[in-house]
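The next block holds one structure in the form of structure tokens; read it before the comments.
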Amino acid sequence: MKNILEKLYAQEYLSEEEASNLLTGIVNKEFNDPQIASILTVFIMRPINSTELIGFQNVLLDMAIPFETDGQDTIDVCGTGGDGKNSFNISTLSAFVIAGAGYKVVKHGNYGVSSLCGSSNVLEDMGVQFTNDKDKLKKQLDVANICFLHAPLFHPAMKAVAPLRKALGVRTFFNMLGPLVNPARPNHQLTGVFSLELGRIYNKIQSQNNRNFSVIHSIDGYDEISLTGPFKYFNNTGEGTIHPEDYNLKRIVESDIYGGNTVAESVGIFKNVLQNKATAPQKEVVLCNSATAINCFDFDKSFQDCYEEAKKSIESGAAEKAFVSMGNV
């Protein structure tokens, strides 16, 4: 292990096996906190590559508590976080919109580390009780088309670094890992990333993960489609850049999608979107991300058709019903 540390401190890249051994050592508490902090810092000071991320991914998936969806077509929609934008919970809301449109969603999420309000923060504040009871989760998926996998309940290995990540308060490679280690291993996924470089890495990894996927990054830094400018996408069909005008949508400004300064403010926006009481920019952003996720089920379907499905989910009350139904199971 000393050799791996020396290699890291020399700013050298690790092989997949070395990366796996390193993360195994971290979760097995073979390092003290100062050593772990310095390891995390290395990956802040220099970019991670796809080989290292795959090595880390494999360890966490192997150690995770699995959740089987019995061969159903499922999707996860999430972001890496770490973009520093403090937007409201767009991907979490999109998950309920997608469920309301009739698709099965297995949402993987956690508390915010480098942001004020992660998906677990907002859902917990709204009364959602987290569980790893597989029968209950399967019933939620059956009744509401959605279940929520709170990461700490499925990744006991993460307990070794959770306090340190919180204390550091900045994005680390664990932010990059979150969307890659959904224990349900859904066969469709929409992932937002905080940098274009990470988007390329995710494209390479997701291409090997045997799923329909889209990776998105807004050019001005958001880990989601923000409509504040163009965004870059990578998916099974290729890659490209899309401007809001390409979807006949108006550009918005950052303040339009700001999540507020408290969890309560984020929850207020969340409820307004589900109840079709949100501002036009808030609603448009959720619809755009939801439509892009729905498109992962069939890339031959037009964006406009997917957008209309998402719009109907909100305006008919189906998205809110999915949220209520999940909580009532």
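Just so it is clear, none of the values below were taken in a lab; they were calculated from the coordinates. On a predicted model such as this, the values are computed, not experimentally measured, just so you know.
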Using θ = phi - 60° and the Karplus curve 6.51 cos²θ - 1.76 cosθ + 1.60, what whole-Hz ³J(HN,Hα) does each residue of segment 280-291 get, with Gly and Pro shown as x? 4, x, 4, 5, 4, 5, 5, 5, 5, 5, 5, 4
Alpha carbon centre of segment 30-51 versus segment 99-131: separation in Å? 27 Å
Starting at the first residue of segment 23-31, write each ³J(HN,Hα) from the Karplus equation 6.51 cos²θ - 1.76 cosθ + 1.60 with θ = phi - 60°, in whole Hz, x for Gly and Pro. 5, 4, x, 5, 6, 8, 6, 7, 10
Check the straight Cα-Cα distances from Lys139 and name the aspartates and glutamates below 14 Å, setting aside those fewer than 8 residues away within the same chain. Glu68, Asp70
Considering the convex hull of the alpha carbon atoms of segment 85-212, report its projected area averaged over all viewing directions, in nm², one decimal. 8.3 nm²
For segment 2-63, count all C-alpha to C-alpha pairs, find those more than 15 Å apart, and express that count as a whole percent of the total. 46 percent
Would you list which lysines come within 28 Å of Lys7, measuring only between C-alpha atoms, while excluding same-chain residues fewer than 8 positions from it? Lys29, Lys159, Lys166, Lys204
Say we join alpha carbon atoms closer than 10 Å with springs in a Gaussian network model of the chain; which of Asn248, Asn236, Asn121 then has the biggest fluctuation? Asn248
Please check: in the Gaussian network model of the chain (C-alpha springs, under 10 Å), which one of Pro66, Pro163, Pro230 has the largest mean-square fluctuation. Pro163
Please compute the Cα-Cα pair-distance distribution of segment 74-328 with 5 Å bins starting at 0, giving whole percents from short to long. 1, 7, 15, 20, 22, 19, 12, 4, 1, 0
Going residue by residue through segment 168-175, the Karplus relation 6.51 cos²θ - 1.76 cosθ + 1.60 with θ = phi - 60° gives ³J(HN,Hα) values, rounded to whole Hz and with x marking Gly or Pro, of 5, x, 10, 5, 10, 5, 5, 4
MRE, 222 nm, helices only [DSSP H, n ≥ 4, -39500 (n - 2.57), over the chain, to nearest 500]: -14000 deg cm²/dmol
